[in-house]
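For reference, the structure discussed in these notes is given below.
The values are calculated or read from the model by the stated rules, or taken from the named source; none is laboratory data. Model, not experiment: these values are computed from the prediction. Here Cβ is always computed from backbone atoms with ideal geometry, including for glycine, and neighbour counts include all displayed protein chains. For the accessible areas, the whole protein counts, side chains as well, though only heavy atoms, and no ligand, DNA or RNA atoms are used. Shrake-Rupley method; radii C 1.70, N 1.55, O 1.52, S 1.80 Å.
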Amino acid sequence: MNQDIAVHYTGHGKLADAIAERLREAGKDPARLTTSDLASVDEFHIRGRKATLELAAKMNLGPGSHVLDIGSGLGGPARTLVETYGCHVTGIDLTPAFCEAATTMSGWVGLGDRVIFKEGDATAIPFPDGRFDAALTIHVAMNVPAKDEMYRHARRVVKPGSIFAVYDVLQGEGGTVRYPVPWARDASISHLVTIDEMKELLTGAGFRIVEVHDSTAESLAWFETMTARMASAGPPLLTFQTFLGADFVVMARNQVQNLMQRRIRTVTFICEA
Ligand SMILES: C[S@@+](CC[C@H](N)C(=O)[O-])C[C@H]1O[C@@H](n2cnc3c(N)ncnc32)[C@H](O)[C@@H]1O
């Protein structure tokens, strides 16, 4: 199944090359990029960079913090944390092409010395106990059937008293998900749970839940704003289509329908270890 997930996200291509090519076509100098040039593709979750910053604001971060990002994708959230708080971030991700591209892209924006991306499975995190000052995971657990193992490892690798911030897509009360969606082309790699199941999983792993925020309405508003912007100014320079291919158009449409019909919800959990 892990292989199916990697193929779903990236096919077989060289991602950083495809992104660099797109940037060059648009007249961007790869030696002068900023993190905002990449934000429309490297923050691979609903509400993008704004959602990452909201989460980060609850994580007690400072320049000395070492943070773990579980399911780090192309590394956008990790670079946002580093740029905003001056911390260090280690990302792990199942998809080798994402880890490779995340490392290359961090070098493009001069943050290569503060982030590390390593291939790894959220259900078998390859770090010792108490290694990190905080951890986060954004839009990852939808692909993970063994969430109990994922959260048990998250609890194990953070220091007692530190924050674990989770922002994920959950099962809503409106019925089953319409596929394809950005995390799965069909139900075989999709494993959503409800808000109550999430609470049980997180407390079962030893976390105290400090805050729960359902951002479904904000997520819908974000899609509306993005659609209106694209209607007037055209699509952004880089989109998730760069790696999800032409399917992304229908995935995005389904995502809106799923949110509107409350088949899915976007929810944040701030947890204390
Ligand atoms: C929708 S992307 C989100 C990426 C990133 N968190 C972000 O918000 O930009 C989901 C990511 O989860 C990763 N993933 C899925 N299952 C995983 C697992 N068991 N362990 C680690 N990463 C996993 C995928 O490879 C993909 O990079």
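The phi-based Karplus calculation (6.51 cos²θ - 1.76 cosθ + 1.60; θ = phi - 60°) puts the 3J(HN,Hα) values of the stretch 93-101 at 8, 6, 9, x, 5, 5, 4, 5, 5 Hz, whole numbers, x for Gly and Pro.
Would you please put 153-164, 95-106 in order of how densely packed they are, using the mean number of other Cβ atoms within 10 angstrom per residue and starting with the highest? Intermediate values should be presented prior to the final figure.
Working: 153-164: 19.2, 95-106: 21.8.
The densest-packed peptide leads the list: 95-106, 153-164.
Rounded to the nearest Hz, the phi-derived 3J(HN,Hα) couplings of the stretch 129-135 under the Karplus curve 6.51 cos²θ - 1.76 cosθ + 1.60 (θ = phi - 60°) are 4, x, 6, 10, 8, 6, 8, where x marks glycine and proline.
The magnitude of the dipole of the chain, with charges of +1 and -1 set on the Cβ of Lys/Arg and Asp/Glu and taken from the Cα centre, is near 280 debye.
Mean separation of Cα pairs under 8 Å and 6 or more residues apart, divided by the residue count, gives the chain a relative contact order of 22 percent. Taking all protein chains into account, the per residue accessible area for the chain stands at 42 Å² (1.4 Å probe).
What the Cα atoms of the stretch 128-273 give is an Rg and a Dmax of 16.6, 50 Å. Of all beta bridges that DSSP places with both ends in the chain, some 45 percent have antiparallel geometry.
For the pair Arg131 and Ile209, a Förster radius of 22 Å applied to the C-beta separation gives a FRET efficiency near 0.45, rounded to the nearest 0.05. The Rg/Rh ratio for the stretch 199-271, using Cα coordinates for both the radius of gyration and the Kirkwood hydrodynamic radius, is 1.10. Taking the inverse of the mean 1/r over every pair of distinct Cα atoms in the stretch 1-57 gives a Kirkwood hydrodynamic radius of 13.4 Å. Taking a ≥ b ≥ c as the square roots of the eigenvalues of the alpha carbon gyration tensor, the stretch 87-196 is oblate, as a/c is not under 1.5 and a/b does not beat b/c.
For the stretch 103-155, the alpha-carbon coordinates run over 36, 25, 16 Å along the three principal axes, in decreasing order. Close amide H pairs (under 5 Å, H built 1.01 Å from N) link Ser162 with Ala273, residues at least 5 positions away or on another chain.
Per-peptide packing, taken as the mean over residues of other Cβ atoms within 10 Å, places 71-78, 263-270, 49-56 in the sequence 71-78, 263-270, 49-56 from highest down. Each principal axis of the Cα atoms in the stretch 40-114 has its own extent, and those three values, largest first, are 31, 28, 21 angstrom. Counted residue by residue at 0.36 nm each, then reduced by the alpha carbon distance between them, the extension gain from Asp113 to Leu33 reaches 27.2 nm. Estimated from helices alone, the mean residue ellipticity of the chain at 222 nm is -12500 deg cm²/dmol (sum of -39500 (n - 2.57) over DSSP H runs with n ≥ 4, per residue). Amide H contacts under 5 Å for Ser215: Thr266, Val267, Thr268, restricted to partners 5 or more places along the chain or on a different chain, H placed in the peptide plane at 1.01 Å from N.
Taking the Cβ of Ala102 as the centre, find all other residues whose Cβ is under 13 Å away and add up their charges (Lys, Arg: +1; Asp, Glu: -1). Intermediate results must be reported in sequence, preceding the final value.
Numbers: positive: Arg79, Arg114, Lys118; negative: Asp42, Glu43, Asp69, Asp93, Glu100, Glu119.
Net local charge, Ala102 excluded: -3.
Shown for the chain: the carbon plus sulfur share of the solvent-accessible area, taken with all protein chains present and a 1.4 angstrom probe, equals 53%.
Just order 62-69, 204-211 by mean Cβ neighbour count inside 10 Å, highest at the front, would you? Numbers along the way, then the final one.
Values: 62-69: 17.6, 204-211: 14.8.
The densest-packed peptide leads the list: 62-69, 204-211.
Mind ranking Trp108, Trp183 by accessible surface for me, highest first, 1.4 Å probe?
On the way: Trp108 55, Trp183 5 Å².
From most exposed to least exposed: Trp108, Trp183.
Residues whose amide H comes within less than 5 Å of that of Ala205, counting only those at least five positions distant or on another chain, are absent (H built at 1.01 Å from N in the peptide plane). Remark: the stretch 183-189, residue by residue, has Karplus-estimated 3J(HN,Hα) of 9, 6, 7, 7, 6, 5, 10 Hz, where x stands for each Gly or Pro and the curve is 6.51 cos²θ - 1.76 cosθ + 1.60 at θ = phi - 60°. Kirkwood analysis of the chain, using all unique Cα-Cα pairs, places the hydrodynamic radius at 18.7 Å. Remark: C-alpha extents of the stretch 23-161 on the principal axes read 46, 31, 26 Å, sorted largest to smallest.
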